[in-house]
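The values are calculated or read from the model by the stated rules, or taken from the named source; none is laboratory data. What you are looking at is a predicted structure, and each value in this text was computed from that prediction instead of being measured. Every residue, glycine among them, receives a Cβ derived from its backbone with ideal geometry; neighbour counts consider all protein chains shown. Accessible surface areas use protein heavy atoms only, side chains included; no ligands, DNA or RNA. Shrake-Rupley method; radii C 1.70, N 1.55, O 1.52, S 1.80 Å.
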Amino acid sequence: MILTALNLDQIDFWEGSVLLVDKPYGYTSFNVVYEIKKAICRESRRKLKIGHAGTLDPLATGLLILCTGKLTKEIDQYQAKIKKYTGALTLGATRPTFDKESEIDQNYEVAHIQKEDMENVRLSFLGEQMMTPPIHSAVKVGGKRAYELARQGKEPILNPKAIIIEDFQIDCQHFPEIHFEVTCSKGTYIRSLASEFGKRLNSGAYLSFLRREAIGEYSVQDAWNLQELKKFLNHSRER
């Protein structure tokens, strides 16, 4: 059952519930899970399982689906759903993390890039693709997270994976910043898409903004603001 402002009395978080949360900028997905668990369990000694369906990077915002209790067994079903994102990438520079979490490490020319070039690259992303995750990602390599190895100065070898881009729209009005909307399969790293977009234009690029708009039939428009959800849960337990 999805938690709304009207059905809290009907929900047993230990039996299982689904929470739609709009993850704030700067929070990790784990931060969100921890704060919700603390709000639910603050007057209970019972342990509660909570998991999320699909990690969002700290600098990304948008829909995060949380499952509690027995419904954590269904997380894979949510993770497998098609996802929709909006965001922006900036041409003419690269960053090690492929987003603004790290400093610019190299600059590139953009004067040669024409609108038709960007349209051709956009079309080249449609359909099945082989995509390599960023080395600054949570993918496990030899039992360790890739980003942990990268922070140690190592270069983990990550294998490309098959993903599907169902739809990819771009808006070039703010060039060299390109706004986009993409609908894609599980396993798609939008940071990798942004980086590859620059490469295919014989330039460089990094992700400058990202928001997850939907996971399957679930929309961020129906999601809780994190702070409002915490207040709601705390207030409900004081009644």
**Request:** Could you tell me how many degrees, from 0 to 90 and to the nearest 10, lie between the Cα long axis of helix 29-41 and the main elongation axis, the longest principal axis, of the Cα atoms of the chain?
**Result:** 10 degrees
**Prompt:** In whole angstrom, and with the biggest value first, how far do the Cα coordinates of segment 41-110 range along each principal axis?
**Reply:** 57, 28, 15
**Request:** Could you name the aspartates and glutamates whose alpha carbon sits less than 18 Å from that of residue 115, not counting residues in the same chain fewer than 8 places away?
**Result:** 171, 177, 181, 196
**Asked** Angle between the Cα long axis of helix 190-200 and the longest principal axis of the chain, 0 to 90 degrees, nearest 10?
**Response** 10 degrees
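For segment 174-232, give the percent of accessible area contributed by carbon and sulfur heavy atoms, probe 1.4 Å, rounded to a whole number. Could the numbers behind the result be given before it?
Values: 1160 of 2550 Å².
The computed percentage sits at 46.
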**Item:** Per residue value of the accessible surface for segment 181-235 (all protein chains in place, 1.4 Å probe), Å²
**Value:** 42 Å²
**Message:** Please list, ordered by chain and number, the residues whose modelled amide H lies under 5 Å from the amide H of residue 177; skip anything fewer than 5 residues away on the same chain.
**Reply:** 91
**Request:** Within 10 Å, count the other beta carbons around each residue, average over each peptide in 61-70, 224-233, and list them highest first.
**Result:** 61-70, 224-233
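Tell me the mean residue ellipticity at 222 nm calculated for the chain from its helices only (DSSP H runs of n ≥ 4, each -39500 (n - 2.57), averaged over every residue, nearest 500). Walk me through the intermediate numbers first.
Working: 6 runs with 58 residues, N = 239.
Per the formula, -7000 deg cm²/dmol.
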